[in-house]
1. If you split all Cα-Cα distances of segment 88-158 into 5 Å bins from zero, what percentages do you get per bin, shortest first?
2. Please compute the contact order of segment 88-158 in relative form: average sequence separation of alpha-carbon pairs under 8 Å and at least six residues apart, divided by the residue count, as a percent.
3. Among 234-242, 202-210, 254-262, how do they line up from the highest to the lowest mean number of other beta-carbon atoms within 10 Å?
4. Kindly provide the helix-only [θ] at 222 nm of the chain, computed as the sum of -39,500 (n - 2.57) over DSSP H runs of four or more divided by all residues, to the nearest 500 deg cm²/dmol?
5. Among 211, 182, 45, determine the one that fluctuates most according to a GNM of the chain built with springs between C-alpha atoms less than 10 Å apart.
6. Ratio of alpha-carbon Rg to the 2.2 N^0.38 Å globular estimate for segment 38-175, to two decimals, please.
7. Over all distinct alpha-carbon pairs, what is the Kirkwood Rh of segment 128-209 in angstrom?
8. Could you compute Rg(Cα) / (2.2 N^0.38 Å) for the chain, with N its residue count?
């Protein structure tokens, strides 16, 4: 493994330890109050820590494409969290955006189940209960949006608009410079697929040099980008629960800036 990548991974592990510390501090905090935005922030922090550990495994194994697919999923999560907790809105706005995010996810799940209920029932005896649970949850969220917050527009903006509405240059750049490019890999279209097939013989290629086609997916570059967004998530969670980990997060943020030079090796 190149020395520069080893250094980046070492700092990455420190970032994961901060995430774990934030969770422990959150558990110790008294008199916490439920909110939908806190629920989403907690889910994203815990899920991002898990994704980061998986991402490091893929990077160390030089799994270029698989790490890129995970990176795209992670960027979408980071952009969504940035949208929910944009600096230009208050706690009420956080709640409304969190509800929109949750409503969109529940609607998509209900649509998936309803479109193939009989097929799901063949291997999941509890699928109807899950469907009913989703229907109740959707009605509850719609009621909250309409009657508590007076919202008529319940739709979640598309990912591009979420990046813009986040008011974060970091997240807007992540969308413009990386997320869109990674979409062709995520969806396995044939522009991407052609690198797996010998076009003359129409047969699979055994040894594939992904970096020859996607130099931007260099492991150190992908890891650096992952960390940029991970730090954003750490900051949001720290602020939402008022955990006072600003110094520790700032320290790894400084390391992130200092290690930019490692990408040039």
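What follows is calculated from the coordinates using simple rules that are stated; it is not laboratory data. Every value quoted in this text rests on a predicted model; they were computed, and no experiment measured them. Note that we place each Cβ from the backbone using ideal geometry, even for glycine, and neighbour counts take in every protein chain shown.
1. Taking all Cα pairs of segment 88-158, the binned fractions are 3, 16, 24, 19, 14, 10, 7, 4, 1, 0 percent.
2. Details: 38 pairs, mean separation 29.4, N = 71.
Contact order relative to length: 41 percent.
3. The peptides rank, most packed first, as 234-242, 254-262, 202-210.
4. Numbers: 13 runs with 182 residues, N = 265.
Roughly -22000 deg cm²/dmol at 222 nm, from the helical runs in the chain.
5. Residue with maximal mean-square fluctuation among 211, 182, 45: 211.
6. Working: Rg = 17.3 Å, N = 138, 2.2 N^0.38 = 14.3 Å.
Against the compact-globule rule of thumb, the ratio is 1.21.
7. Working: mean 1/r = 0.0581 Å⁻¹.
Radius from the Kirkwood sum: 17.2 Å.
8. Details: Rg = 20.6 Å, N = 265, 2.2 N^0.38 = 18.3 Å.
After normalising by residue count via 2.2 N^0.38 Å, the value is 1.12.
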